[in-house]
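Participant: For reference, the structure I am asking about is given below.
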Amino acid sequence: MDDRVPSSEQRTRRGPATASKAASLVLSVAATFGLAALFARADRQQSVAEGIDEGIDDADGAGSAGTTALTPSPAGTSTVPVGELPIADGTYDGDAFTNRWGIVQLAVTYQGGQIVDVAVLQYPDSDRRSVSINQRALPSLEAAVLAAQSADISSVTGATITWRSYRESLQSALDAAAAASAGVQG
C-alpha cells in the first residue's frame, strides 16, 4: 500500500486538466444555447416569410376585412378553416406520416359540415412505451380536433413527435375533404 502524498508537481498537473474540462463544458453549453437560439430565430423568420408568401400580410388592407387568411400547415399545405368551404359529408383519409417512432395516419369524418370523428388508422405501436403514450395522447388529440374543427391543435405533453405527424396527417385529410368538396360543388 502506497501512503505517499502526491507531490506539488503532480497536484499542479491535475489542476489544468480539471480547468480545461470545466472550460470545455462551459463552451459546449454556450454553443448549444447559441445554436438553439439561432434555430429558433430561423424558424420564426421562416414562419413570417411563409405568412407573407401565403398572402396573410396584405399591403393595401383590401381583402383582410371579413375574411380568414390561410395559415401554413406543417405539411406545407394551407389550412382551410371549417365554414369557408362547405365540406361534403363523408370520410376522408389523410396521408401517412412517418416519424422516428412509427407511422401516423388519420381519417376524418364530416357530417353536416362538421368534423364528427377522427379515426386513427395507424399509430406508433412497436413498443410498450409508444402504446402507453399513444393510449393517453390520441384521445386527447381527437377531442382537441373536435373542439377546434381544424388542425390548429396544441401538443400533448410527452407525445410531441406523434403530435407533429398527427397534425400533418390530419391536415392532409382536411385538404382531401376540401378538394373533394370543391370538385362536387364546382
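Participant: Might you check whether a residue that is part of a helix (DSSP H, G or I), in contact (Cβ under 8 Å) with a residue 60 or more places away in the chain and surrounded by fewer than 19 Cβ atoms within 10 Å (Cβ to Cβ) occurs anywhere in the range 135-154?
Facilitator: no
Participant: Quick one: in the range 157-186, which of the residues that are more than 19 Å from residue 121 (Cβ to Cβ) and either at pLDDT 95 or above or part of a loop (DSSP other than H, G, I, E, B) (or both) is farthest from the chain's Cα centre (by Cα)?
Facilitator: That would be 186.
Participant: Does residue 115 count as assigned to a strand (DSSP E or B), surrounded by 19 or more Cβ atoms within 10 Å (Cβ to Cβ) and of a type outside the set (Ser, Thr, Tyr)?
Facilitator: When the stated conditions are applied, residue 115 passes them.
The values are calculated or read from the model by the stated rules, or taken from the named source; none is laboratory data. Keep in mind it's a predicted model, so treat the numbers as computed, not measured. Using ideal geometry, Cβ is built from the backbone for each residue, glycine included, and neighbour counts are taken over all protein chains shown.
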